[in-house]
1. Return the residues of the range 93-105 that are surrounded by fewer than 19 Cβ atoms within 10 Å (Cβ to Cβ) and either aliphatic (A, V, I, L, M) or touching a strand residue (DSSP E or B) at 6+ places or on another chain (Cβ under 9 Å) (or both); say none if nothing qualifies.
2. Can you tell me how many residues within the range 249-262 are open to solvent by less than 60 Å² (accessible area, probe 1.4 Å) and without any contact (Cβ under 8 Å) to a residue 60 or more places away in the chain?
3. Could you list all residues from the range 2-34 that are modelled with pLDDT under 90 and either on the phi > 0 side of the Ramachandran plot or among the polar types (S, T, N, Q) (or both)?
4. Consider residue 404 carefully, then state whether it is within 15 Å of residue 313 (Cβ to Cβ), assigned to a strand (DSSP E or B) and either open to solvent by less than 20 Å² (accessible area, probe 1.4 Å) or touching a strand residue (DSSP E or B) at 6+ places or on another chain (Cβ under 9 Å) (or both).
5. What number goes with the only condition from (1) open to solvent by 80 Å² or more (accessible area, probe 1.4 Å); (2) more than 14 Å from residue 110 (Cβ to Cβ) that residue 68 does not pass?
6. Would you check if residue 173 is buried (at least 18 other Cβ atoms within 10 Å of the Cβ), in a strand (DSSP E or B), among the polar types (S, T, N, Q) and touching a strand residue (DSSP E or B) at 6+ places or on another chain (Cβ under 8 Å)?
7. Quick one: how many residues across the range 387-401 are without any contact (Cβ under 8 Å) to a residue 60 or more places away in the chain, in a loop (DSSP other than H, G, I, E, B) and within 23 Å of residue 430 (Cβ to Cβ)?
8. In the range 407-417, what count of residues is obtained for those that are touching a strand residue (DSSP E or B) at 6+ places or on another chain (Cβ under 8 Å), in contact (Cβ under 8 Å) with a residue 60 or more places away in the chain and over 20 Å from residue 378 (Cα atoms)?
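The values are calculated or read from the model by the stated rules, or taken from the named source; none is laboratory data. These numbers come from a predicted model, not from an experiment. No Cβ is skipped: glycine too gets one built from the backbone with ideal geometry, and neighbour counts run over all protein chains shown. The area values use the complete protein model at the heavy-atom level, side chains included, leaving out ligands, DNA and RNA. Shrake-Rupley method; radii C 1.70, N 1.55, O 1.52, S 1.80 Å.
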Amino acid sequence: MNSLTFPALGKYIDLLVDAVCVVDKNGHFLYVSPSAEQIFGYTQAEMMGRQMLELVHPDDRQLTLQTVDRIVAGEPQPHFENRYIRKNGETVHIMWSARWSEVDQCRVAVARDITRRKQAESIQQAVFAIAEASHNTQDLHALFAQIHRIISELLAAENFSVALRDSNSALTSFPYSHEQVVLSFSNDGTEIANQLLAQVLDTNKAQLYNASYERQALQSWLGVPLKSHSGVLGALVLKSFSPEHHYSEKNMELLQFVSTQIAAAVERKQMMARLEHLALYDQLTRLPNRTLFYDRIHSAMARAKRNHGIFSLLYLDMDKFKAVNDNYGHNIGDLLLEQASRRLEHCVRECDTIARFGGDEFVILLENIERPEQSTAVAEKIYAALSLPFALAEHTITILPSIGLAHFPQHGDNEKDLLRHADAEMYRKKNQSSFT
């Protein structure tokens, strides 16, 4: 090993950007060049004699040991990559060119810091993954779960939330939140976190916070805005409750970069959700329309046939509704339909479907019933609710419904027969009431 202490060679080694490392057969550093401090964060004196494996990232230790065995066996490794933990706790990506010296019984290696390259590759992969997720996920919650996974590949994201701000009401909601269990402290940081989030949303600027003492539960907070061409959609929020991990300016820059792609993905998903809602829901009553109803009844029939179950259809309209429009105007008629829709929702379960078929006609699908009499009770409840007076602007109007019932499979094994039977029953009752 005399060549390593040769004065002229040592002078040139000291000028290298890459670090030269010599490790004995037991894995201890015998020598590191001065540039090692720029890569690992430790001085020469701190690294000399230290066990190399202690500095290797825990997830890469097994792979590193396997590679060491190949090097010692006489297989040089010119492009081996692994990760180390710097003195400040950051992860650094290293590319090694290493070989074994049988004469000196040590490994001689050159370490190159490739962290920036790996981060650029990771960011590029994240951008592609976010774009793919925006097209492939079914809804916003699934998209946020995918984004959480993608961001976790870039930085610590055990505590990750997405905050969205409604453009009309300015209210903030958290459609996605993944939090660790937090111990109770006298100051848990909730107020600080709320203030920081408000600053992100109000100023459209990222915010970084690191606690000044370890007794505080919230140790680090990072939030970046989700910016779109129309304004701030919301924010991405990362939290750390560990004194050993604080977010940095580099972390903030990284999250800001991918947040642009995330905002575009969120905006696209929101637009698709709005279009889907327009296609499947009645705009006046906010109830499912015919298209969504037929999808629901097809699913209900498939389940009923598979499980030998039953379900019911209620077909109803409002008697003399045309007279309301003629006497009071269409605005009052619209108010009546809106209020009637809300009353209907209070008469059924969340699993049931109320659809507006047009005009004053509604169809209700009642699933998960054991006997037809249950549906009769629901029909009576609806009749009573809709028969109560409606307060519409300055008018009070009383209008009675006509309701027809059909049961699957008793009155048909397809939607046409069921609707026809329920419709006929409705008109039969309407005609009966007109003669009484």
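1. 95, 97, 99, 101, 103, 104, 105
2. Here the count works out to 2.
3. Within the range 2-34, 2, 3, 5 qualify.
4. yes
5. So residue 68 meets the others, but not (1).
6. When the stated conditions are applied, residue 173 does not pass them.
7. Matching residues across the range 387-401 total 3.
8. Adding up the residues that qualify gives 0.
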